[in-house]
């Protein structure tokens, strides 16, 4: 069969399909529900949470049935949390269900959502946290995650109190981090009115990921011009403010493991052309990941930086004075 004949057969096939379908066909594939497991754990927390739900089918928009609790949860699944330390020693516990948890506005149900909660001090623990969900008639859904430590902030140095930022010298923050990093640098301005003192915060943030867990430092560089731009954008002019002073500044770094990297990559459009986003759950779908946070606070601009900012014409309207 030549190319012209193949094309003719294909056209006739399409014609037969469209001529035989008067209405839009409804396609439904019946599959058993799968456990849906989500947990992001910080070893420096004492209270930990795990979400266990299930997939479900609906012949209407799923967004309209998010409050149908029977469709969202298995009935009394057997959930076990297992800790395996670096020596291979294992301990287990049973989490308990809590509900009525405060939740931000959104399409998914609240109150009424079910969350598994457990309490355990993991600050000195080195090893993995495993989750096993047993549901009658289905294979056990399992997953495990290595709990990571906090990032180590190298610059500013430990015990350093002052930050230096002038036009020819940016503020550099360096840390030994994880494969996913979220950094927030907060600058405080104290506002004085006729009857009170209050704080106004300027935030400079960045989120990034790295493909390897090597100890090479991570860096955020804040230039003088970037700082001025963010102050102008974030600090409103207020006629009630009589004067402003420089307050304290802080640096907070959230870190996440490789699982967080993969999850965010899929969330941002990376995929392997399957119908499922990233999952590290066996016999189910979802995410188990580890996060941590580090913070340096009570920092201040040094004298030279304060003098530079006090003389900055673009900031005159904010009524900055030396403190």
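Read the figures in this text as sums done on the coordinates, not as results from a lab. Remember, it's a predicted structure, so these values are computed and weren't measured experimentally. Heads up, the Cβs are rebuilt from the backbone with ideal geometry, glycines too, and the neighbour counts pull from every protein chain shown.
Taking 0.36 nm per residue of sequence separation and subtracting the Cα-Cα distance, how much length would be gained by fully extending the chain between residue 190 and residue 47, in nm to one decimal?
Working it through step by step, the gained length comes to 48.1 nm.
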Sorted by Cβ neighbour density within 10 Å, fewest at the top, the residues 55, 305: 55, 305
Inter-label distance for residue 250 and residue 162, nm, one decimal - labels placed 7 Å from Cα along Cα-to-Cβ: 2.4
Relative exposure of 86, 175, judged by other C-beta atoms within 10 Å (fewest first): 86, 175
Relative contact order of the range 137-185, pairs being alpha-carbon contacts under 8 Å that are 6 or more residues apart, as %: 38
Fewest-first ranking of 242, 147, 288, using other Cβ atoms within 10 Å as the exposure measure: 242, 147, 288
In nm, spacing of pseudo-spin labels at residue 117 and residue 323 (7 Å Cα→C-beta vector): 3.7
Computed lengthening from residue 155 to residue 283, 0.36 nm per intervening residue step minus Cα-Cα distance: 41.7 nm
Residue 242 versus residue 100: modelled label distance in nm, points set 7 Å from Cα along the beta carbon direction: 4.7
